[in-house]
Structures are given as C-alpha cells and as structure tokens.
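Each remark here refers to the structure printed beneath this line.
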Amino acid sequence: MEEKKRIRFIDSHYHTLFNIADGDSIEIVYPDGKREERVCTYIDEYHTQVGARVFHICEFAEIMEANGKSYCPARNREKEVEERKEAAHQKEKTGNIRMERSRR
C-alpha cells in the first residue's frame, strides 16, 4: 500500500509550520474569529489544492498573512472519537482485570 503524500505548510519565509496527509483538512481562522475547514490535496512538493484552489505553498502563506488569517491542521474529530472509545475500552479492560484479581 502506498504511503499518503505529506503536504507542507510554511510561513512566507519558508519556515515549516506543519505537515498534513494528502486529503486531510486545515482550519483557517479569520481576523474576526470565524473558522473554516478546507480539504487539502497534494499536487507536488511545492503546490497544494486548498478547497477548490491550487496554490504554491509560499503564495498561500503570503495571502493568509496579508489578510490577517492563520491556519493549522484541522482536528480530526473521527480520530478523536476512536481514540476516546479505545481509551474507555482499555480503562474498562483494566478495571475488569483488577476486579478478577481482587476476587482471588
């Protein structure tokens, strides 16, 4: 199975801020606090599609900075739910083991 490509997000000085997997989303935060999530698609090492538009990674950074917007990886809510379920399952499993030991 081929590993997903990584999309690099930078600031306008080419400093890497973060990476996300191809197909993951970023959250854009506007100066007024409004937030939008956009799906990102890997084009090549220096280009990505954010929503419906293709950007050079530095072009995207410059536009965001010029408009006072910030961006970060979007929280993966599905992954968070799965992690919580797994943690609850582990806690329940650990509790059951303790109960069995205390019965001996």
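A compact table of results
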| item | result |
| --- | --- |
| Average Cα contact separation per residue, region 1-60, under 8 Å, 6 or more apart, as relative contact order % | 28 |
| Residue pairs, from the table LYS5/LYS85; LYS34/LYS91; LYS5/LYS69, whose Cα atoms sit over 32 Å apart | LYS34/LYS91 |
| Net charge of Cβ neighbours under 14 Å - reference ALA66; Lys, Arg +1; Asp, Glu -1 | -3 |
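Just so you know, all these numbers are worked out from the coordinates, no wet-lab data involved. Model, not experiment: these values are computed from the prediction. With ideal geometry, Cβ positions are generated from the backbone for all residues, glycine too; neighbour counts draw on all protein chains shown.
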